[in-house]
Amino acid sequence: MNKEELQEKIPEKEKKGEWKARLEKKEQSAEVTSFLSSLWDDIRIFEDDIRGSEAHVIMLKEAGILTEEEASKILRELENALNDWKKDKLKIDESLEDIHPVVEKYVVERLGVETGGKMHTGRSRNDQVMTDVRMYIRREIIALTRQIRHLIKVQISLAENHIETVMPGYTHLQQAQITTFAHFLLSYADSLLRDIERLENLYERVNKSPLGACALAGTSFEISRQRTAELLGFEGIIENSIDATTTRDFAIETIAVLAIHQTNLSRIAEDLILWSTTEFGFLEIPDEYCSISSVMPQKKNPDSLELIRGRTSKVLGALTYILTMVKGLPSGYNRDLQETKSPLWNAIDTVKSSTKMLSGLLKDIKIDKEAALKLVKKGYTTALDLAEKIVKETGISFREAHNIVGTTIKKLVVKKALLNEEAFNDLKEAWREILGEETPINLPALKDCFDPLKSINERKSLGSPNPTMLKETIKERKKTLENIKTRNKNRETRIKESEKMLEEIIQDLLKKHKNGLFKWSKK
Ligand code: ARG
């Protein structure tokens, strides 16, 4: 039988790249195919799949597994596929299971199976899909780090204007101690800085190449896994091939880090929602982030913040989804693993849009300083400052001072009076009741405790809202943000450099083999 006769015998579909030789019945109902499909989840990794294949083909050529001619032909078709994709000219055949055969079919249809069919030598879809996903996630980590950095910048510049904007701080949602709006904003900033720290840490574990692990246990071809890793800008490889194709720990960790970040956003959203109510009444959310009621004309609802809070459940759900997906699986690829992509995408989309939303909203937020001050004065929030002052002035124990001030407040509450200079008489009375003697201090010594701002200036402990300290904190955090910016840029540059290296190698090969004019497809 000659080659042509042999070709005749191969069913039409197989010639095009669907290798189902193992199966007697090669046709599949659309229903089954669609059930098996990850095509629509794979749209996001199309470009990564192309780049991954290009790096693989270059490596195969360098290892002498493909000839230069073969490699350059395949590379040309991969580039054509990408260009067609970008121009919306690449039709996705929905009878295929995922994006990998879509790309392979494109190449095989144009080059024939003799050449195009060599692209998949020494790799499998199992290492391929993980390569793509890792490439995708690392870009998203860089993008999200940038977004969070921006949000922190907004918080810090807002804090600069509110170093002395006093407001109540709450525990158990009851007024606790006076603090400032800047103090709150900087507390948010610090929690978000830890989110960035986690993302940076995560990046190192994500940025490792599984490519060349093949289906599970490697290949007899003498491939170079380090070379494909280098060409794709990975820092090293996931060495053990079972591990490389099985593990989804990096994806789980990504969602976990995102979930922590989103719960931080949710808490910020909840604070802002509360403070914008008539009951708290010292914060105004910019109109464009609010909705109205279809029936109650007076309403202005903080919907953007509510959705940041509400969509947190989606991210937490994604974390549960992916963890339960993998918990019972044996080692090696199982099709269940295909389902780890959608929770990732979901979490990434939710977190990115929420982070962006909060940055925009915070920028134009308005604080009613008078209303905040009024609340502070109503709420006995300098009681602790007063007790501490008494200890310092008289040397009685803190517990005794706590009792005296507590008794004083009890009297004020009954009279519906405030904790101000006029309360000094009640304090004297309480002193007599608790310690059975006259107060040894006079009003002038305690006066500052009745002034909210002076009270705050008295706070000496590190991390307190003391305005002088907060100014220092702001300076330090700005430096931290600059360092984050540099590190993030470096990560991006390393990816770009690898893309450039890939581009140059391909250009050279194509020129050498006169494969026609070809334009590198830019991102
Ligand atoms: N669509 C699959 C996924 O997303 C690709 C890997 C398929 N591998 C396999 N052996 N069926 O996970």
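Which net charge results for the neighbourhood of Lys300, defined as the other residues with beta-carbon distances under 12 angstrom from its beta-carbon, given Lys and Arg at +1 and Asp and Glu at -1?
-3
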Straight-line reach only, C-alpha to C-alpha below 18 angstrom: list the lysines that Lys118 could link to, leaving out same-chain residues fewer than 8 apart. Lys3, Lys13, Lys15, Lys16, Lys20, Lys61, Lys73, Lys105
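Set the Förster distance to 51 Å, then compute FRET efficiency between Glu279 and Lys478 from the Cβ-Cβ distance, nearest 0.05. Could you put the intermediate results ahead of the total?
Numbers: r = 35 Å, r/R0 = 0.69.
Efficiency, from the Cβ-Cβ distance: 0.90.
What does the net charge come to around Glu288 if you take all other residues with beta carbon closer than 12 Å to its beta carbon, with K and R at +1 and D and E at -1?
Details: positive: Lys300, Lys363; negative: Asp287, Asp303, Asp364.
Local net charge: -1.
Order 245-257, 444-456, 47-59 from most to least packed using the mean count of other Cβ atoms within 10 Å.
Answer by packing, highest mean first, reads 47-59, 245-257, 444-456.
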Here FRET efficiency (C-beta to C-beta, Thr121 to Thr493, R₀ 30 Å, nearest 0.05) is 0.40
Say the cut-off is 19 Å between C-alpha atoms; which of Lys428/Lys460; Lys87/Lys512; Lys153/Lys479; Lys378/Lys410 go over it? Lys428/Lys460; Lys87/Lys512
Hey, can you rank 282-290, 135-143 by average C-beta count inside 10 Å, highest first? 135-143, 282-290
Under a point-charge model restricted to the Cβ atoms of Lys and Arg (+1) and Asp and Glu (-1), what is the dipole moment magnitude of the chain relative to its Cα centre, in debye to the nearest 20? 760
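Can you give the net charge of the other residues whose Cβ lies under 13 Å from the Cβ of Ser187, counting K and R as +1 and D and E as -1? Let's see the in-between values first.
Details: positive: Arg194, Arg267, Arg477; negative: Asp190, Asp271.
Here the charged neighbours net out to +1.
Shape call for the stretch 265-397 from the C-alpha gyration tensor, a ≥ b ≥ c root eigenvalues: rounded (a/c under 1.5), prolate (a/b greater than b/c) or oblate? List each step's numbers first, then the result.
Details: a/c = 3.84, a/b = 1.65, b/c = 2.33.
Oblate shape, in that a/c is at least 1.5 and b/c is the bigger or equal ratio.
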Quick check: pseudo-label points 7 Å beyond the Cα along Cα→Cβ at Ala417 and Arg399, how many nm apart are they? 2.9
Taking the Cβ of each residue in His513, His261 as the centre, tally the other Cβ atoms inside 10 Å and list the residues starting with the fewest. His513, His261
With label points set 7 Å from each Cα along the Cα-to-Cβ direction at Glu94 and Ala30, the distance between them in nm comes to 0.6
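What ranking of Glu197, Glu370 emerges when the number of other C-beta atoms within 10 Å of each C-beta is taken as an exposure proxy, fewest first?
Numbers: Glu197 13, Glu370 9.
Ranked by crowding around the Cβ, least crowded first: Glu370, Glu197.
What is the order of Arg22, Arg267, fewest Cβ neighbours within 10 Å to most?
Details: Arg22 6, Arg267 14.
Starting with the residue having the fewest Cβ neighbours, the order is Arg22, Arg267.
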Residue span Arg198 to Glu438: 0.36 nm per residue of separation minus Cα-Cα distance leaves a gain in nm of 80.7 nm
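Throughout, read-outs are computed from the coordinates displayed, never taken from laboratory work. Keep in mind it's a predicted model, so treat the numbers as computed, not measured. Backbone-built Cβ (ideal geometry, glycine too); neighbour counts: all protein chains shown.
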